[in-house]
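Worksheet: one structure, shown below.
The values are calculated or read from the model by the stated rules, or taken from the named source; none is laboratory data. In this text the structure is predicted, and so the values were computed from the model without any measurement. FYI the Cβ positions are ideal-geometry reconstructions off the backbone, even for glycines, and counts take in every protein chain you see.
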Ligand SMILES: [Zn+2]
């Protein structure tokens, strides 16, 4: 039983709260690299004087900062995606995912999008408020919903390769929602666009926060209805029906994609997903 998919676990996570019994810092470069110290990416909070509050995760107050200097001795940069995948514990995952999104939101919303006045933090929540009293527009962090779908056909499942995947790795299909779409509409459209088939019976599975970029992945199962695979050659370079006992290289256990596949295979208890 693999329980490293984060939807499985009842972890305490309170955005904006600063009530932990200990504190930690996550630091990022301008190009989304993570500062990793001798003990990993969860750094000593006293390393900087000023930082932004991310929230309290399992009793740890997490703060984030943009790090512009060269790394201190014994520290090094690591790309965010590689860092998340190589530190799959929940505290680190949430700290990095929420930390980078908090930091980028603050930096990208310094001014009001309606009147151009300076923004200030909005007391009591994660938003920023326009300093012009007549405008007072409040903006919140953007979270982009996306669907991620395991399509099945009897004993087979449909897995695909993006050009940026490691050689031999296949994954479930995914795509962002357009304004006005339901998740179910997006499932049908994305799968039709990417592999040219029609699906039916979309069934909700679980969600996962994923900071590439600001995404909330909504996992679904769906069943093949009609059509033959035709890849678009751009987002998807290959897609195939795989028998359950002859699967290719798969995504890491910490991904919702892998949780979908493992659950379909009967290797993960779906009841765990209700323990949130
Ligand atoms: Zn304004």
### Query
Can residue 177 be described as in contact (Cβ under 8 Å) with a residue 60 or more places away in the chain and under 18 Å from the mean Cα position of the chain (by Cα)?
no
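Residue under question is residue 94, and the condition is that it be assigned to a helix (DSSP H, G or I) and farther than 13 Å from residue 53 by Cβ; does it hold?
On the way: assigned to a helix (DSSP H, G or I): yes; farther than 13 Å from residue 53 by Cβ: yes.
It is true that residue 94 is assigned to a helix (DSSP H, G or I) and farther than 13 Å from residue 53 by Cβ.
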### Task
Evaluate the following for residue 165: is it in a loop (DSSP other than H, G, I, E, B), surrounded by 13 or more Cβ atoms within 10 Å (Cβ to Cβ) and away from the ligand (no atom under 16 Å from the Cβ)?
yes
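Pick from 110, 153: which is within 16 Å of the ligand (Cβ to nearest atom) and more than 23 Å from the chain's Cα centre (by Cα)?
Working: 153 fails: within 16 Å of the ligand (Cβ to nearest atom).
Going through 110, 153 in turn, the sole match is 110.
Tell me the residue from 6, 66 that is at pLDDT 95 or above and either surrounded by 14 or more Cβ atoms within 10 Å (Cβ to Cβ) or touching a strand residue (DSSP E or B) at 6+ places or on another chain (Cβ under 6 Å) (or both), please.
Of 6, 66, the one residue that is at pLDDT 95 or above and either surrounded by 14 or more Cβ atoms within 10 Å (Cβ to Cβ) or touching a strand residue (DSSP E or B) at 6+ places or on another chain (Cβ under 6 Å) (or both) is 66.
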### Query
If you go through the stretch 235-253 one residue at a time, how many are surrounded by fewer than 14 Cβ atoms within 10 Å (Cβ to Cβ) and either closer than 21 Å to residue 184 by Cβ or touching a residue at least 40 places away in the same chain (Cβ under 8 Å) (or both)?
4
### Query
Which condition does residue 127 not pass, out of (1) surrounded by fewer than 19 Cβ atoms within 10 Å (Cβ to Cβ); (2) over 25 Å from residue 177 (Cα atoms); (3) not assigned by TED's automatic domain parsing to the domain that holds residue 229, if it passes all the others?
(2)
### Query
Would you pick out the residues in the stretch 113-127 that are away from the ligand (no atom under 12 Å from the Cβ) and part of a loop (DSSP other than H, G, I, E, B)?
122, 123, 124, 125, 126, 127
### Message
I need the strands (runs of 3 or more DSSP E) fully contained in the stretch 177-276, keeping only those with at least 2 residues that are closer than 15 Å to residue 162 by Cβ and at pLDDT 90 or above.
### Response
215-226, 238-243
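Residue-by-condition table, conditions (1) within 11 Å of the ligand (Cβ to nearest atom); (2) touching a residue at least 60 places away in the same chain (Cβ under 8 Å); (3) under 17 Å from residue 215 (Cα atoms); (4) touching a helix residue (DSSP H, G or I) at 6+ places or on another chain (Cβ under 9 Å):
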position	(1), (2), (3), (4)
64	no, no, no, yes
80	no, yes, yes, yes
87	no, no, no, yes
101	no, yes, yes, no
138	yes, no, no, no
